[in-house]
Amino acid sequence: MVEADDVTSNDDLMTAGRFGASTLLSAKALRIYADRGLLPPRRVDPDTGYRYYAADQVHTGWLIGLLRSADLPLEQIAKIVECAEIDEARAVGLLDEAVAALDRRTEAHHVVLGRARLHLKKETGMPAVETAWESDHPVLSVMRRMAPHEMDQIIHDEVARLRDLAAQGGLRPTGDPYGVFHAPVTDDSDGPLEIVQPVDGLMDAGGDARSYRMTGGQVARRHAEGRETDFPEILALYDEVYAWIAESGFTPVGPPREVWHNSPRDDDPLRLTIVWPFGSQPPASGSHTQ
């Protein structure tokens with residue numbers, strides 16, 4: 001859209017150039033914020049396309065700039081800005097929530113970077129890893145792709161759907177549901193994640209669901225709960241399990257999985273177990289702790 005630094009409409013409005021100089025917002029930022037409805041110009045000239053802003057929008061421009069400089073996503077900024085116009089206390093509350101989330105992410109980054117430090121020093125720490133032998137077992141499953149922030153809701157919904165499907169087929173759950181990570185679910189990868197419900201038999205599932213017998217074998221297990229189950233901290237735990245397998249002289253076979261002992265949508269902290277199949281003869285003892 002055309003900019004004009006030297007065109008004014010009347011005493012109450014300022015050009016996009018003047019407004020940008022008053023708020024330290026670039027022309028590109030103003031275009032983005034206008035397109036997203038965050039900071040629409042007060043008037044757009046229908047003939048020239050020039051955009052004009054009001055003096056009372058300068059305050060909003062500074063607010064948006066400050067929030068964006070803290071790397072808050074535009075969706076979150078939009079909620080704060082919209083709320084600030086009608087409920088100042090609620091807007092402050094949203095900002096406090098954003099600060100808490102930033103602190104939480106910083107703590108999470110310290111965890112995973114601490115794990116990366118061990119890699120650089122060629123150390124693996126002292127992970128508490130158990131081993132077990134799992135038998136073949138029938139399951140119902142569905143394959144889904146998702147972003148990390150979508151996982152909790154999708155897992156909750158799909159587990160409920162699989163249990164309903166099992167009930168319709170006369171089957172009963174025989175254990176906690178789990179997810180098989182055929183590919184990572186991170187900010188750079190959307191899986192797929194296979195959501196699995198163990199049941200007491202096979203059935204004609206139909207649709208996108210699958211009924212089959214999951215192959216058993218030796219597995220390494222690492223229990224986790226609460227904040228350590230959050231992304232990205234949980235990546236450090238996967239690294240612990242993989243390191244234990246490799247350093248114990250075994251070979252990972254098949255993708256890792258998470259067993260969810262309660263729903264990620266529950267009020268209680270999530271409890272889960274990371275399970276990674278590996279190849280070798282069953283260990284002499286039922287478990288190892290290093």
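The values are calculated or read from the model by the stated rules, or taken from the named source; none is laboratory data. Bear in mind that the values here come from a model prediction, so they are computed numbers and not experimental data. Positions of Cβ are generated from backbone atoms using ideal geometry, with glycine treated the same way; all protein chains shown enter the neighbour counts.
Out of the range 149-188, which residues are in a helix (DSSP H, G or I) and more than 21 Å from PRO269 (Cα to Cα)?
Start the filter on the range 149-188 by keeping residues that are in a helix (DSSP H, G or I), which leaves 149-168.
If the condition is that a residue be in a helix (DSSP H, G or I) and more than 21 Å from PRO269 (Cα to Cα), then ARG161, LEU162, ARG163, ASP164, LEU165, ALA166, ALA167, GLN168 are the ones that fit.
Can you name the residue in the range 244-262 that is in contact with an Asp or Glu (Cβ under 7 Å, 6 or more places away or on another chain) and touching a residue at least 60 places away in the same chain (Cβ under 8 Å) and, of all such residues, is surrounded by the fewest Cβ atoms within 10 Å (Cβ to Cβ)?
Residues of the range 244-262 in contact with an Asp or Glu (Cβ under 7 Å, 6 or more places away or on another chain): 259-262.
Remaining after also requiring touching a residue at least 60 places away in the same chain (Cβ under 8 Å): 259-261.
On the way: VAL259: 18, TRP260: 21, HIS261: 14.
Out of the qualifying residues, it is HIS261.
For residues that are acidic (Asp, Glu) and assigned to a loop (DSSP other than H, G, I, E, B), scanning just the range 229-269, find the one that is modelled with the highest pLDDT.
Looking only at the range 229-269, we keep the residues that are acidic (Asp, Glu), and these are 230, 233, 239-240, 247, 258, 266-268.
Then drop every residue that is not assigned to a loop (DSSP other than H, G, I, E, B), which leaves 230, 266-268.
Numbers: ASP230: 83, ASP266: 84, ASP267: 84, ASP268: 89.
The extreme case among them is ASP268.
Can you tell me which residue is surrounded by the fewest Cβ atoms within 10 Å (Cβ to Cβ) among those in the range 11-31 that are in contact (Cβ under 8 Å) with a residue 40 or more places away in the chain and under 22 Å from ALA78 (Cβ atoms)?
As a first pass, look at the range 11-31 and keep what is in contact (Cβ under 8 Å) with a residue 40 or more places away in the chain: 12-14, 19, 23-25.
From the residues that got through so far, the ones that are under 22 Å from ALA78 (Cβ atoms) too are 19, 23-25.
On the way: PHE19: 24, THR23: 21, LEU24: 12, LEU25: 21.
Of everything passing the filter in the range 11-31, LEU24 is surrounded by the fewest Cβ atoms within 10 Å (Cβ to Cβ).
Which one of the conditions (1) farther than 21 Å from ARG31 by Cβ; (2) touching a Lys or Arg at 6+ places or on another chain (Cβ under 7 Å); (3) surrounded by fewer than 17 Cβ atoms within 10 Å (Cβ to Cβ) does ALA101 fail to meet, given that it meets all the rest?
Among (1) farther than 21 Å from ARG31 by Cβ; (2) touching a Lys or Arg at 6+ places or on another chain (Cβ under 7 Å); (3) surrounded by fewer than 17 Cβ atoms within 10 Å (Cβ to Cβ), the lone unmet condition for ALA101 is (2).
With ASP190, ASP239, ASP200 as the choices, which residue is surrounded by fewer than 16 Cβ atoms within 10 Å (Cβ to Cβ) and charged (D, E, K, R)?
Details: ASP190 fails: surrounded by fewer than 16 Cβ atoms within 10 Å (Cβ to Cβ); ASP239 fails: surrounded by fewer than 16 Cβ atoms within 10 Å (Cβ to Cβ).
Testing whether each residue is surrounded by fewer than 16 Cβ atoms within 10 Å (Cβ to Cβ) and charged (D, E, K, R) leaves just ASP200.
Going by the structure shown, is HIS149 under 25 Å from the mean Cα position of the chain (by Cα) and either at pLDDT 90 or above or more than 30 Å from ARG104 (Cβ to Cβ) (or both)? Give the derivation first.
Working: under 25 Å from the mean Cα position of the chain (by Cα): yes; either at pLDDT 90 or above or more than 30 Å from ARG104 (Cβ to Cβ) (or both): no.
When the stated conditions are applied, HIS149 does not pass them.
Is it the case, given these coordinates, that ALA167 is modelled with pLDDT under 95, aliphatic (A, V, I, L, M) and surrounded by fewer than 16 Cβ atoms within 10 Å (Cβ to Cβ)? Explain how you work it out, then say what you get.
On the way: modelled with pLDDT under 95: no; aliphatic (A, V, I, L, M): yes; surrounded by fewer than 16 Cβ atoms within 10 Å (Cβ to Cβ): yes.
The answer is no for ALA167.
Listed residues ARG222, ARG213, ARG161, ARG257; which is among the charged types (D, E, K, R) and touching a His at 6+ places or on another chain (Cβ under 9 Å)?
ARG213
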